[in-house]
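**Student:** Here it is: the structure, laid out below.
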Amino acid sequence: MSEPSPAIGPAPAPAPADGAPAGSGAAASLPTVLRRQHDCQQGAVRAARLSADGAFCLTAGSDKTLKLWNPYRGTHLKTYLGHGHEVLDAAGACDNSRLLSCGADKAVIVWEVSSGRVLNKWRSHAAAVTCCRFSEDASLALSGSVDGSVRAFDCRSRRTEPVQTLDEATDSVTALQITDHEIVSGSADGRVRRYDLRNGRLTTDTVGDSVTCVTLSRDGQCLLVGCMDATVKLLDRETGELLNEFSGHANRQYPLGSCLDAADAHVLSGSEEGAVYCWELVSGKLAAKLTHPRAAVVHSLAFHPSRAALVTAAGGAFFLWDTGEEAEGEEQ
């Protein structure tokens, strides 16, 4: 990802989101203005992910492609070809030099960003691979699958088998989060599992319905868990205690993404009726609702790590939301 990080360009007639005019009350720090929408031309977009620094966006497509974008300019930078079926998830290394993707072809692939070359490719899973993440130093690639396992692969070797397999889930693994000492997985069996790599300990929290998304708060104290019963739950990371629950969005049929904003002040979730719901973390009150121009399921979203900017995916497009203010020369 060698292109310089540009500031956000001119806005194409932004409009405030429903019920949340820019600059109003609790929604002032939320990205409630649609800055840009872009047709990715890769079939249905299965996932949209921001790079670790927020400068670039990855979109995973049903046409077997992975694409790299500058979302702030709507510029397509590169297409990565190598999957044999739909690409279901993607992630970037912290130094922006490599990408990781997985798909319905059971493959997990590491790509060199600049050349598009495949550096590693593993086909160890027995079913579609739904989620993937790099370890913090990108030495390991971790993946979760419909086969109920989480597998870790060594990116520094040519070994084709995983270095570790975690197979405690009794249904599809749907979500992964990684820290320097812990693997957190969510699965369709309604459980969140935390693997402490330092102590070799497994902690399991039962949340009820199928888990669709797991997010760590930026302070590391909480877990945000999206569920198929149309709720997003905030759990204490250590005790598993339910701290708050957010509802109002539609989620009964499709796995939807959820996340926290850059300040851990708001909870955001996609919805099946073509919107993103934004709640205040502490009070649980609805702060904003971002209605998308196309009435498609909003199933993927990614918040910028340090500013009020949000990328969402619905249908075959990604959408960029911000506060409507100019970037004032700040590099994105």
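The values are calculated or read from the model by the stated rules, or taken from the named source; none is laboratory data. The shown structure was predicted, so the numbers you read here are calculated from the model rather than taken from an experiment. Cβ coordinates were reconstructed from backbone atoms using ideal geometry, including for glycine residues, and neighbour counts include every protein chain displayed. Note: accessible area is taken over every heavy atom of the protein model, side chains too, but ligands, DNA and RNA are not part of it. Shrake-Rupley method; radii C 1.70, N 1.55, O 1.52, S 1.80 Å.
**Student:** Counting just the residues of the range 193-226 that are in a loop (DSSP other than H, G, I, E, B) and of a type in the set (Asp, Glu), which one comes out farthest from Asn251 (Cα to Cα)? Break it down into steps so the answer makes sense when it comes.
**Tutor:** Applying the first criterion (in a loop (DSSP other than H, G, I, E, B)) to the range 193-226 yields 197-200, 207-210, 217-221.
Next, from what is left, pick out any that are of a type in the set (Asp, Glu): 209, 219.
Working: Asp209: 11, Asp219: 27 Å.
So the residue we want is Asp219.
**Student:** Turning to a different aspect of this structure: For the range 194-203, check the following and say yes or no: at least one residue is crowded, with 18+ Cβ neighbours inside 10 Å and within 21 Å of Glu245 (Cβ to Cβ). Please lay out each step first, then the result.
**Tutor:** Step one: list which residues in the range 194-203 are crowded, with 18+ Cβ neighbours inside 10 Å, which gives 194-195.
Within this subset, residues satisfying the condition of being within 21 Å of Glu245 (Cβ to Cβ) are 194.
There is at least one residue in the range 194-203 that is crowded, with 18+ Cβ neighbours inside 10 Å and within 21 Å of Glu245 (Cβ to Cβ).
**Student:** A further question on this structure: Name every residue in the range 144-171 that is under 15 Å from Trp111 (Cα atoms), open to solvent by less than 70 Å² (accessible area, probe 1.4 Å) and either among the basic types (Lys, Arg) or in contact (Cβ under 8 Å) with a residue 40 or more places away in the chain (or both), in order of residue number.
**Tutor:** Taking the range 144-171 and keeping what is under 15 Å from Trp111 (Cα atoms), we get 153-158.
Now narrow it down to the ones that are open to solvent by less than 70 Å² (accessible area, probe 1.4 Å): 153-155, 157.
Scanning the range 144-171 gives Phe153, Cys155.
**Student:** Sticking with this one: Would you say Leu234 is touching a residue at least 40 places away in the same chain (Cβ under 8 Å), among the aliphatic types (A, V, I, L, M) and open to solvent by less than 30 Å² (accessible area, probe 1.4 Å)? Before you say what the answer is, go through the steps one by one.
**Tutor:** Values: touching a residue at least 40 places away in the same chain (Cβ under 8 Å): yes; among the aliphatic types (A, V, I, L, M): yes; open to solvent by less than 30 Å² (accessible area, probe 1.4 Å): yes.
Spelling it out, Leu234 is indeed touching a residue at least 40 places away in the same chain (Cβ under 8 Å), among the aliphatic types (A, V, I, L, M) and open to solvent by less than 30 Å² (accessible area, probe 1.4 Å).
**Student:** Mind listing just one residue for me: the one in the range 104-121 that is among the small types (Gly, Ala, Ser) and touching a residue at least 24 places away in the same chain (Cβ under 8 Å) and, of those, surrounded by the most Cβ atoms within 10 Å (Cβ to Cβ)? I'd like the intermediate steps shown before the answer.
**Tutor:** Residues of the range 104-121 among the small types (Gly, Ala, Ser): 104, 107, 114-116.
Retained after the next criterion (residues that are touching a residue at least 24 places away in the same chain (Cβ under 8 Å)): 104, 107, 114, 116.
Numbers: Ala104: 19, Ala107: 22, Ser114: 12, Gly116: 15.
Per the criteria, the residue is Ala107.
Yes/no matrix, rows are residues, columns are (1) more than 16 Å from the chain's Cα centre (by Cα); (2) assigned to a strand (DSSP E or B); (3) aromatic (Phe, Trp, Tyr):
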{"residue": "Lys78", "(1), (2), (3)": "yes, yes, no"}
{"residue": "His85", "(1), (2), (3)": "yes, no, no"}
{"residue": "Ser115", "(1), (2), (3)": "yes, no, no"}
{"residue": "Leu119", "(1), (2), (3)": "yes, yes, no"}
{"residue": "Ala126", "(1), (2), (3)": "yes, no, no"}
{"residue": "Arg133", "(1), (2), (3)": "no, yes, no"}
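**Student:** Additional query: Filter the range 277-294 for residues that are closer than 18 Å to Val33 by Cβ and in a loop (DSSP other than H, G, I, E, B); which is modelled with the lowest pLDDT? Full working, then the answer.
**Tutor:** Residues of the range 277-294 closer than 18 Å to Val33 by Cβ: 277-278, 286-294.
Those left that are additionally in a loop (DSSP other than H, G, I, E, B): 292-294.
On the way: His292: 94, Pro293: 87, Arg294: 75.
The selected residue is Arg294.
**Student:** Related question: So Ala250 passes all but one of these: (1) surrounded by fewer than 23 Cβ atoms within 10 Å (Cβ to Cβ); (2) not in a loop (DSSP other than H, G, I, E, B). Which condition number does it fail?
**Tutor:** (2)
**Student:** While we're on this one: Filter the range 45-92 for residues that are polar (S, T, N, Q), open to solvent by 30 Å² or more (accessible area, probe 1.4 Å) and under 23 Å from Val33 (Cβ atoms) and give the result.
**Tutor:** Thr75
**Student:** Among the listed residues Glu161, Glu238, identify the single one that is closer than 24 Å to His125 by Cα and assigned to a loop (DSSP other than H, G, I, E, B).
**Tutor:** Details: Glu238 fails: closer than 24 Å to His125 by Cα.
Sole residue among the options that is closer than 24 Å to His125 by Cα and assigned to a loop (DSSP other than H, G, I, E, B): Glu161.
**Student:** Moving on. Here's a check for you: in the range 295-330, which residue that is surrounded by fewer than 15 Cβ atoms within 10 Å (Cβ to Cβ) and more than 17 Å from the chain's Cα centre (by Cα) is modelled with the highest pLDDT?
**Tutor:** Here is the first cut: in the range 295-330, the ones surrounded by fewer than 15 Cβ atoms within 10 Å (Cβ to Cβ) are 295, 305-306, 325-326, 328-330.
When the remaining residues are screened for being more than 17 Å from the chain's Cα centre (by Cα), the result is 295, 325-326, 328-330.
Working: Ala295: 69, Glu325: 78, Glu326: 56, Glu328: 36, Gly329: 36, Glu330: 40.
Looking at residues that are surrounded by fewer than 15 Cβ atoms within 10 Å (Cβ to Cβ) and more than 17 Å from the chain's Cα centre (by Cα), I get Glu325.
**Student:** To continue, here is another question. Filter the range 172-183 for residues that are crowded, with 16+ Cβ neighbours inside 10 Å and either outside any strand (DSSP E or B) or without any contact (Cβ under 8 Å) to a residue 24 or more places away in the chain (or both) and give the result.
**Tutor:** Scanning the range 172-183 gives Ser172, Glu182.
**Student:** Also, I was wondering about something else. Go through the range 267-276 and give me each residue that's more than 18 Å from Leu34 (Cα to Cα) and either acidic (Asp, Glu) or surrounded by fewer than 24 Cβ atoms within 10 Å (Cβ to Cβ) (or both). Give the steps one after another, and end with the answer.
**Tutor:** Residues of the range 267-276 more than 18 Å from Leu34 (Cα to Cα): 267, 272.
Glu272, the sole residue that qualifies.
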